[in-house]
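One structure below.
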Amino acid sequence: MTDLTPPHLRSFEASVLTGDATPEDLETLRKRSSVYVYESPVRLWHWVNALAITVLAVTGYLIGKPLPSMQISEATHQFVMGYIRFAHFAAGMILTVGFFGRIYWAFMGNSHARQMFILPITNRRWWYEVFYELRWYMFLVPEPKKYVGHNPLAHAAMFFFMTLGITFMMLTGWALYAEGAGQGSLPDTFMGWLLGLIGNSQILHMLHRFGMWSMVIFVLIHVYAAIREDIMSRQSTVSTMLSGHRTFKDDRPD
Amino acid sequence: MTQIETFYEVMRRQGITRRSFMKYCSLTASALGLGPAFVPKIAHAMETKPRTPVIWVNGLECTCCSESFIRGAHPLAKDVVLSMISLDYSHTLMASAGHAAEAALEDTIQKYKGNYILAVEGNPPLNEDGMFCIVGGKPFVKQLRHVAKDAKAIISWGACASYGCVQAAAPNPTRATPVHKVITDKPIIKVPGCPPIAEVMTGVITYMLTFDRLPELDRQGRPAMFYGQRIHDKCYRRPHFDAGQFVEAWDDDNARKGYCLYKMGCKGPTTYNACSTIRWNEGTSFPIQSGHGCIGCSEDGFWDQGGFYDRVTNLKAFGVEANADKVGMTAAGVVGGSIAVHAAVSALKRAQKKQEKAEG
Ligand code: HEM
Ligand code: HEM
């Protein structure tokens, strides 16, 4: 039997012999390369954090605008609002612990683990790339560039909405929590100062609520962009957050 | 200078019996959250200490603080405290008037220099050199500075003195300014509320007179024993909040059942005061008990926090007033819509590209 496979593709013997690969497939296979970008703690944090924020936004919305009154049983035996608030606080604590863990990993992990925390605003090339990516989203350039970590636009969004946004939500959230925990409690010792600074906690509530909407807007854009990039860009995204590997779809430079 | 009387002597002179005096001591101890062991201590302090005079001045205000004060739930406490206060100068309560009153004020300042407590009801407006509030022919801010100079400590009565209240609400045309922003070199204790609860007022004064120091204050300078918790924390309707049972409209069945007023804009969850424990008018009731939400009168800038009947209120940021939900939902809607359009265009472009490729 003669081997029809070109010599440089002989290494994919299994695919060829089981018949699940066409010559075109094999050609692409050769060109594809992948980089290990997101280590497991980053990926774990991403999904835990995403889940926590989803729970926080839903329960938080319902804290300010509660569900219609329910008459399941006597007030003593009914705890609807109580459970909603409990879920919020529990998710808030997971978010907090997770974020500190993520900061720890920024120090311990690879360079991509640090990307979210620093914006290279003095780097002119970075600014150029931000606008380039923006042009890609505005359909003004036919093709995006390749990036190993976050693309510059995503990078900026993650810095403002997540790094700063989560910090803001944690600060305001814990200051609100300190109100219920009471003066002299641990949350109060750490975050009560914010309450003193702002004065009327109604303002704090509304700031926290504004924060929720900024999170919601980020998530809408983020999930859309992640899926869109996965399909339309020259690199993988969603699977990158699952496996950690960034695969590139072509071997052309930039 | 004549020997200054002790508190006890003043009280006896006012016709208060020893028995009433002891009752007052135990009442005060419990009102301040002190154990029974403190009763003899309070009594002893009262018997041996020279009384501390209190000068009470009034700026831009409505006199609701005075009105509240003289309606203390425990007449005993009120009488005793009133007898302790030098009423030589108090617009509402003093006997003299005109020049005689102003002279009496000067007398008290001279006699007790550095020893008296200054109680301020209302606040000074600063615009137009303070001409929006004239006392004895001079701007109130002048009188305030003058009296404060030799005071040992200052009590800011009510929302006016503590935060500014309605006269300081946006746009604050007279630039009404809370006391602590005018007098910065004296210990100031804030007793906010519109008005503050009578028992809170008498309790604070008694504490300061007996122990010769300010009670423990919270971050905003309010006595922690009365302003340490929110209305919400001790509200008798709290179980309905936790259950998720709310008044949905003023005339609905839930209102009759006494459900939680959260959805009707009750500010109990953001208001630090003792209304839900001490209550008003001899412990008769308080707003929530009578079916109306708390309006947050003891909080900073409560006039400017949007509607009294809204739970999610407007926020003034960067000079614009905005409601988190309206702004947020609109923005999310716009973003969501844009994403849909963007996705459609993306799909189209992609199809186009594929076709071009196919056509070679
Ligand atoms: C992404 C993060 C978060 C989001 C989107 C979020 C959202 C919200 C929203 C919308 C509210 C209702 C505000 C109102 O209308 O009064 C709320 C309330 C609250 N949140 Fe968060 N939150 C977040 C994080 C946190 C964290 C980390 C904590 C800390 C444990 C926290 C603690 C609280 C507390 C104590 C309240 C007030 C509950 C009450 O008044 O009964 N939140 N949150
Ligand atoms: C509440 C929901 C979510 C939040 C708050 C969130 C937040 C984040 C953050 C902060 C990062 C940066 C990670 C880092 O640098 O450590 C990230 C990356 C990423 N997220 Fe999410 N995420 C959410 C949901 C999702 C979903 C549903 C998907 C998948 C469809 C997704 C896909 C991705 C991908 C692919 C990346 C890597 C971006 C890149 O390739 O450069 N995320 N996300």
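The values are calculated or read from the model by the stated rules, or taken from the named source; none is laboratory data. The shown structure was predicted, so the numbers you read here are calculated from the model rather than taken from an experiment. With ideal geometry, Cβ positions are generated from the backbone for all residues, glycine too; neighbour counts draw on all protein chains shown. All accessible areas refer to the heavy atoms of the entire protein, side chains included, with ligands and DNA or RNA removed. Shrake-Rupley method; radii C 1.70, N 1.55, O 1.52, S 1.80 Å.
The table that follows gives values for the structure above.
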| item | result |
| --- | --- |
| Test: residue in the stretch A:166-176 that is within 11 Å of chain B (Cβ to nearest Cβ) and surrounded by fewer than 18 Cβ atoms within 10 Å (Cβ to Cβ) | no |
| Every pair of residues 6+ apart whose Cβ atoms lie under 9 Å, when the first sits in the stretch B:320-332 and is farther than 16 Å from B:Gln305 by Cβ and free of Cβ contacts under 8 Å to residues at least 24 places away in the same chain while the second is away from ligand 2 (no atom under 16 Å from the Cβ) and assigned to a helix (DSSP H, G or I) | B:Val327/A:Phe210; B:Gly328/A:Arg209; B:Gly328/A:Phe210 |
| Matching residues in the stretch B:241-271 - criterion: being closer than 23 Å to B:Gly228 by Cβ and open to solvent by less than 20 Å² (accessible area, probe 1.4 Å) | B:Phe241, B:Cys260, B:Leu261, B:Tyr262, B:Cys266, B:Lys267, B:Gly268, B:Pro269, B:Thr270, B:Thr271 |
| Of the criteria (1) away from ligand 2 (no atom under 11 Å from the Cβ); (2) facing chain B (nearest Cβ under 9 Å); (3) open to solvent by 30 Å² or more (accessible area, probe 1.4 Å); (4) not polar (S, T, N, Q), which one A:Tyr224 fails | (1) |
| Any hit, the stretch B:241-264, residues being in the same structural domain as B:Ile155 (by TED's automatic domain parsing), in contact with a Cys (Cβ under 8 Å, 6 or more places away or on another chain) and part of a loop (DSSP other than H, G, I, E, B) | no |
| Single residue of A:Arg135, A:Arg124 found to be open to solvent by 30 Å² or more (accessible area, probe 1.4 Å), basic (Lys, Arg), more than 16 Å from ligand 1 (Cβ to nearest atom) and within 14 Å of chain B (Cβ to nearest Cβ) | A:Arg135 |
| Some residue of the stretch B:309-332 being among the hydroxyl-bearing types (Ser, Thr, Tyr), open to solvent by less than 30 Å² (accessible area, probe 1.4 Å) and farther than 15 Å from A:Asn200 by Cβ | no |
| Hits in the stretch B:302-333 (condition: away from ligand 1 (no atom under 16 Å from the Cβ), assigned to a loop (DSSP other than H, G, I, E, B) and in contact with a helix residue (DSSP H, G or I) (Cβ under 8 Å, 6 or more places away or on another chain)) | none |
| Residue that is nearest to the chain's Cα centre (by Cα), among those in the stretch B:215-240 that are more than 9 Å from chain A (Cβ to nearest Cβ) and surrounded by fewer than 16 Cβ atoms within 10 Å (Cβ to Cβ) | B:Glu216 |
| Residue that is farthest from the other protein chains (Cβ to nearest Cβ), among those in the stretch A:47-82 that are closer than 30 Å to B:Asp325 by Cβ, open to solvent by 50 Å² or more (accessible area, probe 1.4 Å) and more than 12 Å from ligand 1 (Cβ to nearest atom) | A:Val48 |
| Residue in the stretch A:26-46 that is within 14 Å of chain B (Cβ to nearest Cβ), open to solvent by less than 80 Å² (accessible area, probe 1.4 Å), more than 13 Å from ligand 2 (Cβ to nearest atom) and touching a residue at least 24 places away in the same chain (Cβ under 8 Å) present | no |
| Breaking point among (1) within 12 Å of ligand 2 (Cβ to nearest atom); (2) at pLDDT 95 or above, for A:Ser233 | (2) |
| Of all residues making up the stretch B:265-281, the number that are touching a helix residue (DSSP H, G or I) at 6+ places or on another chain (Cβ under 6 Å), over 21 Å from A:Leu176 (Cβ atoms) and part of a strand (DSSP E or B) | 0 |
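This table checks each residue for (1) within 8 Å of another protein chain (Cβ to nearest Cβ); (2) under 24 Å from A:His208 (Cβ atoms); (3) in a helix (DSSP H, G or I); (4) of a type outside the set (Gly, Ala, Ser).
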position	(1), (2), (3), (4)
B:Gly283	no, no, no, no
B:Gln289	no, no, yes, yes
B:Gly293	no, yes, no, no
B:Val335	yes, yes, yes, yes
